[in-house]
């Protein structure tokens, strides 16, 4: 990835609650032939099983879900505020119907191990799936979450991802 420098994931200095919850991220998966991304504002970054990890959640009806299920790796791309419109576009349009990435004014770059990422990102986390589990109604201790966020019972699939490589824009 041209213009990116590899860093240790432990050296990420951003406030991760703001990074994901307010700044948003693009989850990107696929291959050289076809890839897709989606905007996400839910997830987390931390440590599990002595690995630096990220947690991403995707609803099964999202087009990116198909790519994430098929591939072992994906990227989480974090962009600057100047890309807010592109992030909004990627969160409201489907890649099934268009080249969403290009139409958002973005482009794809590939990591050294050929995982697609967003070239305009200021921070990219290349991740490998470690654990997958579907959220289930019976496991919610606070049922108001279901009422508010899952009225259609379309629960997310949660992915615990090992952060293999972190890249920052030089």
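Taking the criterion of being in contact with a strand residue (DSSP E or B) (Cβ under 9 Å, 6 or more places away or on another chain), within 14 Å of residue 84 (Cβ to Cβ) and either without any contact (Cβ under 8 Å) to a residue 60 or more places away in the chain or not in a strand (DSSP E or B) (or both), the residues of region 22-33 that qualify are 23, 24, 25.
Under 18 Å from residue 43 (Cβ atoms), surrounded by 13 or more Cβ atoms within 10 Å (Cβ to Cβ) and modelled with pLDDT of 95 or more: does that describe residue 87? Yes: the conditions hold for residue 87.
With 166, 121, 109 as the choices, which residue is modelled with pLDDT of 95 or more, more than 21 Å from residue 16 (Cβ to Cβ) and touching a strand residue (DSSP E or B) at 6+ places or on another chain (Cβ under 9 Å)? Every option except 109 fails the conditions. Residue pairs whose Cβ atoms lie under 9 Å apart, separated by 6 or more positions or on different chains, with the first residue in region 1-19 and free of Cβ contacts under 8 Å to residues at least 40 places away in the same chain and the second outside any loop (DSSP other than H, G, I, E, B) and loosely packed, with under 14 Cβ neighbours inside 10 Å, are 16/46.
In summary, residue 18 fulfils each of the numbered conditions (1) farther than 16 Å from residue 80 by Cβ; (2) over 13 Å from the mean Cα position of the chain (by Cα); (3) not in a loop (DSSP other than H, G, I, E, B) with the single exception of condition (1).
The condition (being surrounded by 13 or more Cβ atoms within 10 Å (Cβ to Cβ) and within 20 Å of residue 14 (Cβ to Cβ)) is satisfied by just one residue among 146, 163, 101: 163.
The values are calculated or read from the model by the stated rules, or taken from the named source; none is laboratory data. Since this is a predicted model, take the numbers as computed values, not measurements. For neighbour counting, all protein chains shown are included, and Cβ atoms are generated from backbone atoms with ideal geometry for every residue, glycine included.
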